[in-house]
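Working notes, beginning with the structure itself.
The values are calculated or read from the model by the stated rules, or taken from the named source; none is laboratory data. These numbers come from a predicted model, not from an experiment. Glycine also receives a Cβ, built like all others from the backbone with ideal geometry; neighbour counts cover every protein chain displayed.
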Ligand code: GLU
Ligand code: ASP
């Protein structure tokens, strides 16, 4: 390794220099996303007299689930488009432009009709599909397969995500409180603008230099597996979206968000299973790649369960903060959405500790396997929801009056610790386990777990309200039970997966197949 390359390879906190550009690009994109997401349910469920849309809570919550769920679902198409047509970097660039247009459209709601609000959400969904997968894939490409810095690199990247997510609700919460909804939404657009400027002036040049130092081609124009039909598929998809948007806005198509979310959840589950079956049976993968794909599948399903609990943050937790949490502090009323910042603040505090821990354990070969980390994540999330059960009992005992904010903060602490064992670890695992030609798609699939989680969280999350107060403990208790069942199943699966891997390795002993696969 040349001296220049060595320096560049360790220039950002001991990691490759482009991680810096990627860190700040993602920080501002997430600022825009997490700035507007918690506003959505409150805005849509607020009375028309208060400037809101006057929707019922279950519908508003389902729309939030649908928005976030479709966003993560779009990452599959985004990953495919990047692999087959645009290449990862261009996909991020076009994605950011489309997201920025989405924010402009939402801003137009203030002047024109609600159509622009929903249309803006559609654009953000499409743009994020390109952006979110590809930026994570690019982070993965900074490290060689055996580089022990990979997990730590993703933890640093994850801190960028969460810095954006800490700041955003703090700013939007204040703006909405003092100046109204549209200021809150507008600031998200500003975040996206900063993100796309950073990407062009900092990240792309850094990536080009890194490639040049490695003697590799520039990746700006490079799709891993160019397919001349990809533009046609994209055109067809966009026409379909345009038709649905037009029919809906003209009133010919009536969308019931709750029903759509239900069908979508079931269809995605079936599609994921079918896709993995296809990969295993027909994608011409060798035995080692198949083993890795099986592990990806198990991790993915576990992640879906985890996110279905965690992603209630902008729905049920948000409503709990608004309705049942004492938010008075020294005569100041804390905006409800500020509680959204608790999780990312804790991530920023604990992510470096987790990164350090994984790296230290990794060096002495004692790093827990991916599966063990995921089991810990489920158990921690169950503890978080356990606290919410107690918090709801306390609300009932208080006859519906507000309770201490420490309940929410404690629950967030457990969820955050769980998230740290699952989310950055999962991102890193996908970039490591995915066969080269499927990199974008497997990363996209990882995000379908988030899609499923967000959809389910949208379904559950609208049921927090004063009329249904007696149902609250049951609502949260169901989550505890589901998470614990998931943890037990994963625990039982641990051994069969190990056995399967050992068997496949011993029946066809080629040097590649004998290579270790981390579970
Ligand atoms: N909170 C992380 C992010 O926004 C991960 C979310 C997820 O994978 O669902 O990037
Ligand atoms: N912790 C989440 C993620 O890492 C951020 C959030 O939900 O605020 O992006």
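Computed quantities for the displayed model
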read-out: Answer residue from segment 18-43, given it is surrounded by 21 or more Cβ atoms within 10 Å (Cβ to Cβ), more than 13 Å from residue 314 (Cα to Cα) and away from ligand 1 (no atom under 16 Å from the Cβ) and is nearest to the chain's Cα centre (by Cα) among those; value: 21
read-out: Candidates 358, 407, filtered to the one that is touching a residue at least 40 places away in the same chain (Cβ under 8 Å) and touching a strand residue (DSSP E or B) at 6+ places or on another chain (Cβ under 8 Å); value: 407
read-out: Residue match in segment 133-141 (condition: away from ligand 1 (no atom under 16 Å from the Cβ) and touching a residue at least 12 places away in the same chain (Cβ under 8 Å)); value: yes
read-out: Index of the failed condition, residue 285 passing every other in (1) under 25 Å from residue 427 (Cβ atoms); (2) away from ligand 1 (no atom under 15 Å from the Cβ); (3) assigned to a helix (DSSP H, G or I); value: (3)
read-out: Residue among 161, 124, 138, 156 that is more than 16 Å from ligand 2 (Cβ to nearest atom) and either farther than 26 Å from residue 235 by Cβ or modelled with pLDDT of 90 or more (or both); value: 138
read-out: Selection status of residue 348, within 15 Å of ligand 1 (Cβ to nearest atom), more than 30 Å from residue 395 (Cα to Cα) and touching a residue at least 24 places away in the same chain (Cβ under 8 Å); value: yes
read-out: So residue 314, is it within 13 Å of ligand 2 (Cβ to nearest atom), in contact with a helix residue (DSSP H, G or I) (Cβ under 7 Å, 6 or more places away or on another chain) and at pLDDT below 90; value: yes
read-out: Selection within segment 445-488 - surrounded by 24 or more Cβ atoms within 10 Å (Cβ to Cβ) and at pLDDT below 80; value: 461, 462, 464
read-out: Selection status of residue 505, in contact with a helix residue (DSSP H, G or I) (Cβ under 9 Å, 6 or more places away or on another chain) and at pLDDT 90 or above; value: no
read-out: Positions within segment 173-213 being within 16 Å of ligand 1 (Cβ to nearest atom) and at pLDDT below 95, in sequence order; value: 188, 191, 192
read-out: Out of 93, 85, sole residue that is more than 16 Å from ligand 1 (Cβ to nearest atom), in a helix (DSSP H, G or I) and farther than 20 Å from residue 197 by Cβ; value: 85
read-out: Any hit, segment 331-338, residues being part of a helix (DSSP H, G or I), in contact with a strand residue (DSSP E or B) (Cβ under 9 Å, 6 or more places away or on another chain) and more than 16 Å from ligand 2 (Cβ to nearest atom); value: no
